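None of the figures in this text is laboratory data; all of them are computed from the coordinates on show. Just so you know, these numbers come straight off a predicted model, no measurement behind them.
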Amino acid sequence: MGAVAGEQSATGSSESMAGKAGSTPFSAQPLFEVPKKLDKVKVVEKEKTEWNTKRLGSRLVVDAACAATAAGSVAPVITMIDKYVRVSTYM
């Protein structure tokens, strides 16, 4: 009997799969055709990005002030929780 699509003949080749690439774990026979030339592939150049460095110094100062404010408002809460844990572990 002849080879069914996807099956190999006794010689190990499949006439219906000739000229194709790819494989499955069960068959090393090609599954899809590989084009000889890729006509639609183009090289795309990256756009030049420009950093927004306007008023960078003032932005850094504002960020530092925000960080200090956040730390100043969170630190007392952490201190209260820490004191509560210390007191409750010694009781």
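Of everything in the range 68-91, what is among the aromatic types (Phe, Trp, Tyr) and in a helix (DSSP H, G or I)? Give them in sequence order.
Going through the range 68-91, the residues among the aromatic types (Phe, Trp, Tyr) turn out to be 84, 90.
Selection gives 84 alone.
I need the full set of residues from the range 50-63 which are over 32 Å from the mean Cα position of the chain (by Cα) and part of a helix (DSSP H, G or I), in order please.
The answer is 57, 58, 61, 62.
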